[in-house]
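Below is one structure, written out as C-alpha cells, with a few remarks after it.
No lab work stands behind these numbers, since they all come straight from the coordinates. Here the structure is a predicted model, which means the values were calculated and not measured. Glycine also receives a Cβ, built like all others from the backbone with ideal geometry; neighbour counts cover every protein chain displayed.
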Amino acid sequence: MIGSNVRLDRLFDAVKGNVGLKQSALIKELNKLNKQLEQLEKNVQGLITLFSNQALTLEQFNAKINAIRKNNMSLPNAKRN
C-alpha cells in the first residue's frame with residue numbers, strides 16, 4: 001500500500017511538473033501576442049493619423065489596413081496547428 005502511494009505521489013509530481021511547463025509556455029505565448037497586439041494598435045493608429053493628415057489616400061489607407069488584416073488573420077490559424 002505504501003509503495004503504491006509513493007508511485008502515485010511520483011506520478012502526481014511528474015504531471016504537476018508537465019502542467020507547470022505548459023503553463024509557462026502559454027504565459028510566454030500570451031505575452032508575445034500582447035506585444036504583437038500593442039504593435040498592431042500603434043500601426044493602425046499611425047495609419048489613421050496619416051490618413052487624417054491627408055498623407056495617405058483612401059485607397060492607400062485601405063490597402064495597408066487590408067494587408068495588416070491579412071497578416072494577422074494567419075497568426076491564429078498558424079498557432080492552432
*asked:* Just to be sure before I move on: is Glu38 surrounded by 10 or more Cβ atoms within 10 Å (Cβ to Cβ), closer than 19 Å to Asn71 by Cβ, touching a residue at least 12 places away in the same chain (Cβ under 8 Å) and not aliphatic (A, V, I, L, M) in the structure I sent?
replied: no
_Filter result (exposed (fewer than 11 other Cβ atoms within 10 Å of the Cβ) and either charged (D, E, K, R) or part of a loop (DSSP other than H, G, I, E, B) (or both)) within the stretch 11-35_ = Asp13, Lys16, Lys22, Lys28, Lys32, Lys35
*Complete set of residues in the stretch 2-34 that are of a type in the set (S, T, N, Q) and more than 30 Å from Asn72 (Cβ to Cβ)*: Ser4, Asn5, Asn18
